[in-house]
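**Student:** Mind looking over this structure? Questions follow.
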């Protein structure tokens, strides 16, 4: 199928459409593909979703550790890096192969969820018996050692 020389590895990065704990989302390790699909400016960053706290390679202020571990449906920004940890749902099962993925809501930038658009753009679709549905976006908190600001 793919011809690769031994010195170079062939890695195909898929766009995955799945139900997250909050809404329908695209997952991928290639943020350029996500930017193209969503027609999103390259200056706007994506949230990085980690499969567990061990995979999280961001230094979080020590006085915020407990809040981070206990949070549900919440994304954080620390030192201008956006992330969230998906612990125990279908979203986390998808992440088992990779320790992290870039995540975005499954829609065109600024638009609502349209199944036809998402199915056309995704390489892999993961759907359970409850189907895919657009829910409320996660809470987004920007924090440092001194204060926390809610952005959405």
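FYI, it's all coordinate maths here, none of it is from the lab. What you see is a predicted model; the values in this text were computed from it and never measured. Don't worry about glycine lacking a Cβ; one is built from the backbone with ideal geometry, like all the others, and counts go over all protein chains shown.
**Student:** Determine the percent antiparallel among the DSSP beta bridges restricted to the stretch 16-150, to the nearest 5.
**Tutor:** 65 percent
**Student:** Quick one: check the C-alpha center-to-center distance for the stretch 97-152 versus the stretch 34-85, whole angstrom.
**Tutor:** After rounding, the separation between the Cα centres reads 12 Å.
**Student:** Related question: Under 8 Å for C-alpha pairs, at least 6 residues apart: give me the relative contact order for the chain, rounded to a whole percent.
**Tutor:** It comes to 36 percent, rounded to a whole number.
**Student:** Oh, and also: Which FRET efficiency, nearest 0.05, do residue 139 and residue 57 yield, Cβ-Cβ r, R0 30 Å?
**Tutor:** For residue 139 and residue 57, the calculated efficiency is 0.85.
**Student:** Take the chain, connect every pair of alpha-carbon atoms lying under 10 Å apart with a spring to form a Gaussian network, then pick out the residue of 38, 79, 62 with the largest mean-square fluctuation.
**Tutor:** 62
**Student:** With each label point set 7 Å from Cα along the Cα-Cβ vector, what nm distance links residue 111 and residue 152?
**Tutor:** It is 1.7 nm.
**Student:** Quick one: among 39, 105, 75, which has the greatest mean-square fluctuation in a GNM of the chain with alpha-carbon springs under 10 angstrom?
**Tutor:** 39
**Student:** Where does the chain land on Rg(C-alpha)/(2.2 N^0.38 Å)?
**Tutor:** The chain yields a ratio of 1.09.
**Student:** Next question. Quick one: 121, 48, 129, fewest Cβ neighbours within 10 Å first, how do they rank?
**Tutor:** Lowest to highest Cβ neighbour count: 129, 121, 48.
**Student:** A further question on this structure: What order do you get for 143, 67 when you list them from fewest to most C-beta neighbours inside 10 Å?
**Tutor:** Ascending number of Cβ neighbours within 10 Å: 67, 143.
**Student:** I would also like to ask the following. If you take the beta carbon distance between residue 32 and residue 74 as r and set R0 to 22 Å, what does 1/(1 + (r/R0)^6) give as a FRET efficiency, to the nearest 0.05?
**Tutor:** It comes to 0.25.
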